[in-house]
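For reference, the structure is listed below as structure tokens.
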Amino acid sequence: MILVDTCIFSLALRRRRASLSRAELRLVGELTSFIRASRASLLGIVRQELLSGIRDAAQFERLRAGLRAFPDPALEIEDFEMAAQVTNRCHKAGVAGSVTDFLICGVSLRRDWPIFTADKDFHSYARHLPLRLVQPA
């Protein structure tokens, strides 16, 4: 499985293709490949981020319906404990991050799933954590 970060799903689901750069189109293409291979994983907290801030009820419902195709992996106590450990390790090294990012890191490390993201913060985390980040083809 591959943990897909909010920014990648956002490119694919909340932005118009015509507004995407070549690099962004490649990221969307890579996501499409992962989805077709049933390898894309969506954490519940990423689902929440994607659905938050949508003012139009019809748009919210369309996005919610589209995201229902992705079941949430059941998180366990150990996932949250690992997220706390990676938060502490990064903070000790002077690297700040969001609760969402550190939960993604924790799940990634505990389950040995790579992270697919365009968020540069994950490269900072990877200097202090043994993360595997997907490098788009």
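Do we find a residue being touching a strand residue (DSSP E or B) at 6+ places or on another chain (Cβ under 7 Å) and not in a helix (DSSP H, G or I) anywhere in segment 103-114? Looking through segment 103-114, at least one residue is touching a strand residue (DSSP E or B) at 6+ places or on another chain (Cβ under 7 Å) and not in a helix (DSSP H, G or I). Sub-7 Å Cβ pairs linking a first residue in segment 15-31 that is under 16 Å from VAL134 (Cα atoms) to a second residue that is modelled with pLDDT under 90 and crowded, with 17+ Cβ neighbours inside 10 Å, at least 6 apart or interchain, are GLU24/LEU11; LEU27/LEU11; VAL28/LEU11; VAL28/ALA12; LEU31/ALA12, ordered by first then second residue. Only a single item in (1) free of Cβ contacts under 8 Å to residues at least 40 places away in the same chain; (2) more than 16 Å from the chain's Cα centre (by Cα); (3) assigned to a helix (DSSP H, G or I); (4) closer than 20 Å to LEU133 by Cα is not met by VAL95, and it is number (3). Cβ separations smaller than 6 Å between residues 6+ apart or across chains give no pair from segment 119-137 residues that are touching a residue at least 40 places away in the same chain (Cβ under 8 Å) and assigned to a strand (DSSP E or B) to residues that are aromatic (Phe, Trp, Tyr) and crowded, with 16+ Cβ neighbours inside 10 Å.
Would you check if there is a residue in segment 1-12 being more than 13 Å from the chain's Cα centre (by Cα) and not β-branched (Val, Ile, Thr)? No, segment 1-12 has no match at all.
Rundown of residues vs (1) surrounded by 11 or more Cβ atoms within 10 Å (Cβ to Cβ); (2) under 12 Å from the mean Cα position of the chain (by Cα), yes/no style:
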site	(1), (2)
ARG17	no, no
LEU20	yes, no
SER38	no, no
LEU42	yes, yes
ARG55	no, no
GLY66	yes, no
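Selection within segment 98-127: residues that are more than 19 Å from PHE80 (Cβ to Cβ) and over 14 Å from the mean Cα position of the chain (by Cα). The member of this set that is surrounded by the most Cβ atoms within 10 Å (Cβ to Cβ) is SER124. Against the list (1) farther than 24 Å from ARG26 by Cα; (2) not assigned by TED's automatic domain parsing to the domain that holds SER21; (3) not charged (D, E, K, R), the condition GLN135 fails is (1). Which ones in segment 46-72 are modelled with pLDDT under 90 and closer than 18 Å to SER98 by Cα? GLY53, the sole residue that qualifies.
The values are calculated or read from the model by the stated rules, or taken from the named source; none is laboratory data. Bear in mind that the values here come from a model prediction, so they are computed numbers and not experimental data. We place every Cβ from the backbone using ideal geometry, glycine too, and count neighbours over all the protein chains shown.
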